[in-house]
Amino acid sequence: MEVMEIDKKINKCEELFWKVIRNKYLFNYIFQVLETMPIEFDSVSKYYIGNRIKFKNIKNLDWMVKHGQWEILRDKLISSQYICINLEMISPFLMKCKDESILELMFEKKITELRQINIIDSCVSSANEISINFFLSKLENNPHLLKTSLPIYQSTIRNSITNSTPKVFENLIKTQPILDESLKENCIQYALLNKNHKVEMIKSVKKYLEII
C-alpha cells in the first residue's frame with residue numbers, strides 16, 4: 001500500500017474520531033457502555049468493587065500512591081480537586097514519589113497537610129533522595145522555612161547518621177550545621193548502627209567533627 005493511501009486512511013479515521021468526540025450524545029453513550037461493560041478476570045479473587053472507579057471519585061492519596069497513579073494525582077493537584085490526605089498516607093507518599101513536579105505541586109497546594117508530620121525526617125527515613133533533595137533545595141532558597149514548614153531537628157540528623165547515606169547527612173549539615181553536644185559525642189556510635197553505609201558514614205562524621 002502506498003504512503004499516500006495510508007495517509008488518506010489515517011486522515012479519514014482521525015476525521016471520524018473527532019466527529020464522534022464532538023457529538024455529545026455519542027460521547028456520553030460510549031462512556032455509559034464503558035461503565036456497564038463487564039470486566040472478566042482469570043481468578044474469582046480479583047473481582048471487587050474497586051476495579052472500576054470513576055475519575056471524579058478517586059480522592060484518596062493512599063490509593064493513588066499504592067497503585068502508582070501519579071498522573072491522576074498530578075491532574076487533581078493542578079485542577080485543585082479535593083484529595084483526602086490523612087496522617088498515615090504522607091510517609092508512603094514521600095517514600096515513593098520520584099517526580100519533582102508532583103512534589104512541587106504538593107508543596108504549593110498541600111503544605112498544611114504535609115506538615116502533619118516532620119517532612120524532612122520522614123524523607124530521611126524513607127531513603128528517597130529525590131524527595132530529600134527537593135525539600136532541602138526549598139530550605140536553601142528560603143531558610144525561613146527551617147522555622148516553619150521544614151524544621152530540621154537534632155533527631156533528624158541522628159536519624160540520617162543511623163539510617164541514611166553520607167550524602168544525605170552532609171546535605172543536612174549544610175542546612176543545619178549546629179549539633180548539640182550530646183549528638184557530637186555520640187555520632188560515631190550512631191554511625192556504627194548504620195547497616196548499609198557504616199564505613200562511609202563513619203568517615204563522613206569524622207570529617208565533620210574535624211571541621212567544627
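Applying the Karplus parametrisation 6.51 cos²θ - 1.76 cosθ + 1.60 with θ = phi - 60° to the phi angles of segment 33-39, what ³J(HN,Hα) value in whole Hz is obtained for each residue in order, glycine and proline being reported as x?
5, 4, 5, 9, 5, x, 10
Can you give me the long-range amide H partners of Asn60? Hydrogens built in the peptide plane at 1.01 Å from N, cutoff under 5 Å, separation of 5 or more residues or another chain.
Hits under the 5 Å cutoff: Cys84.
As an exercise, identify the trypsin sites (Lys or Arg not before Pro) in segment 93-127 lying in DSSP coil whose Cβ has no more than 14 other Cβ atoms within 10 Å.
Details: sites: Lys96, Lys98, Lys109, Lys110, Arg115; in loops: Lys98, Lys110, Arg115.
The qualifying sites are Lys98, Arg115.
Tell me the label only: which of (i) 74, 44, 38; (ii) 61, 33, 33; (iii) 82, 41, 33 is Cα extents along the principal axes in Å as calculated from this structure?
Correct label is (i).
None of the figures in this text is laboratory data; all of them are computed from the coordinates on show. This is a predicted model, so every value here is computed, not measured. Virtual Cβ from ideal backbone geometry, glycine too; neighbours counted across all protein chains shown.
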